[in-house]
1. Return the total of residues in the range 46-78 being more than 13 Å from Asn104 (Cβ to Cβ), at pLDDT 90 or above and in a loop (DSSP other than H, G, I, E, B).
2. List, please: which pairs have Cβ atoms under 7 Å, are six or more places apart or on different chains, and start with a residue in the range 91-107 that is surrounded by 12 or more Cβ atoms within 10 Å (Cβ to Cβ) and end with one that is among the hydrophobic types (A, V, I, L, M, F, W, C) and in a loop (DSSP other than H, G, I, E, B)?
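The values are calculated or read from the model by the stated rules, or taken from the named source; none is laboratory data. Remember, predicted model here, so these are calculated numbers, not experimental data. Ideal geometry is used to build each Cβ from the backbone, glycine not excepted, and the neighbour counts take in all protein chains shown.
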Amino acid sequence: MKPIEPGPYRQRLVVQRYASAPDGSGGFVWTYSPLATVWGRLWPQPPPAGGKEVEALEKVVASVTHLFAIRYSSLVATLTPKDRFSWNGRTFEIVTVMNTEARNRELTGTAIEVTA
């Protein structure tokens with residue numbers, strides 16, 4: 001029997017949806033909750049757009065832009081830049097996302113990992 005080839009999607013990404021949740025006092029708090037765990041690819045974008053340092057609130061924050069690709073499914077069809085995903089203890093905020101060739105087979109885009 002021939003072993004199954006994993007192909008280019010070798011990383012398990014946890015997609016998180018940005019949504020409101022009740023705060024217990026009659027109001028709402030905005031938070032991220034797990035939407036789906038999917039197979040995908042994540043790799044750093046080559047320079048010069050691959051990274052930068054930004055001064056935010058008197059603190060230097062480094063950000064690295066990554067490219068990603070995930071298999072299309074009904075669970076991730078509505079992915080937007082408000083959403084994010086995590087992989088290997090790291091969190092990536094989605095900047096752009098598109099349905100590759102509008103074929104409903106793959107979603108691709110860019111994401112930023114911010115480290116303090």
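1. Within the range 46-78, residues that are more than 13 Å from Asn104 (Cβ to Cβ), at pLDDT 90 or above and in a loop (DSSP other than H, G, I, E, B) number 0.
2. Filtered contacts from the range 91-107: Ile94/Leu79; Val97/Leu79; Leu107/Val76; Leu107/Leu79.
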